[in-house]
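Here is the structure we will look at, set down as structure tokens.
The values are calculated or read from the model by the stated rules, or taken from the named source; none is laboratory data. Keep in mind that what you see is a predicted model, and the values were worked out from it rather than measured. Using ideal geometry, Cβ is built from the backbone for each residue, glycine included, and neighbour counts are taken over all protein chains shown. Accessible surface is based on the protein model in full, side chains and every heavy atom, while ligands, DNA and RNA are left aside. Shrake-Rupley method; radii C 1.70, N 1.55, O 1.52, S 1.80 Å.
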Amino acid sequence: DPDSIERVWDFINRQTKKFELNSKITNRAQIVVDEIYSNIQLYSGAKMAQVFCTIDSDRMILTFKDDGAPFNPLKVQDPDITVTLEERVPGGLGLLMVKKMASDLSYIHEDGYNVLTVTIDINK
């Protein structure tokens, strides 16, 4: 539902506090969640979406799983940010931000689910 993003943010915030992550990492995680989860809600046609969070001493791993239309965000061409706003094609900036903030991204489609894993280094 449209309000589920709030529950996801609460979950991520609890995890970052539990592991005493700094505000820079927490902000990155919130941006990643906002971009990926909102894209799932708005464009995938998913009826179910889950977000998983694993944190260890070096990294935070956010995994997004949904039953929407197969979509590999890693195959989306990055927008040309060198052109003027008037020349720029809409879309893609959120995914570009996620790509820039992540140390690793992976995508698979298995058993009818999209699974996107975003790894964020927490020591950088």
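May I ask you to derive the relative contact order of the chain, considering only C-alpha pairs under 8 Å and at least 6 residues apart, and to give it as an integer percent? Don't skip to the end; give the middle numbers.
Details: 169 pairs, mean separation 31.3, N = 124.
It comes to 25 percent, rounded to a whole number.
Could you give me the ³J(HN,Hα) list for segment 71-78, computed from phi with Karplus coefficients 6.51, -1.76, 1.60 and θ = phi - 60°, whole Hz, x at Gly and Pro?
Along segment 71-78, the couplings run 7, 9, x, 6, 8, 6, 5, 5 Hz.
Summarise the accessible area of the chain (1.4 Å probe, protein heavy atoms) by the percent that is carbon and sulfur.
On the way: 3990 of 7740 Å².
For the chain, the apolar C and S fraction of the accessible surface comes to 52 percent.
Give the value in nm², to one decimal: projected area of the alpha carbon convex hull of segment 13-102, averaged over all directions.
Details: hull surface 28.0 nm².
Averaged projected area of segment 13-102's Cα convex hull equals 7.0 nm².
Under 12 Å from a point 7 Å along the Cα-to-Cβ line of VAL76: which residues of segment 42-62 have their amide N that close?
42-44
Considering the chain as a Gaussian network with a 10 Å cut-off on Cα pairs, which listed residue, VAL51, VAL98, VAL76, attains the greatest mean-square fluctuation?
Top of the fluctuation ranking is VAL76.
Can you list the HN-Hα couplings for segment 8-13, worked out from phi with the Karplus curve (6.51, -1.76, 1.60; θ = phi - 60°), rounded to whole Hz and with x for Gly and Pro?
Couplings: 5, 4, 4, 4, 5, 4 Hz.
Of LEU42, LEU85, LEU105, which is the most mobile in a GNM of the chain whose springs link Cα atoms less than 10 angstrom apart?
Highest fluctuation among the options: LEU85.
Give, rounded to the nearest 20 debye, the magnitude of the charge dipole that segment 1-49 has about its Cα centre when Lys and Arg contribute +1 at Cβ and Asp and Glu contribute -1 at Cβ. Walk me through the numbers on the way to the answer.
On the way: 7 positive and 7 negative charges, 50 e Å.
Computed charge dipole of segment 1-49: roughly 240 debye.
Build a GNM of the chain with springs between Cα atoms under 10 Å: which of SER57, SER103, SER44 gets the top mean-square fluctuation?
Looking only at SER57, SER103, SER44, the biggest GNM fluctuation is shown by SER57.
Using the Karplus curve 6.51 cos²θ - 1.76 cosθ + 1.60 with θ = phi - 60°, work out ³J(HN,Hα) for each residue of segment 106-119 in order, rounded to whole Hz, and write x for Gly and Pro.
Along segment 106-119, the couplings run 9, 9, 9, 10, 9, 6, x, 10, 7, 10, 10, 10, 10, 9 Hz.
Taking a probe of 1.4 Å, how large is the accessible area per residue of segment 11-124, in Å²?
For segment 11-124, the per-residue accessible area is 61 Å².
Sequence gap of 8 or more, or different chains, plus Cα separation below 22 Å: how many lysine pairs satisfy both in the chain?
Eligible lysine pairs with Cα atoms under 22 Å apart amount to 13.
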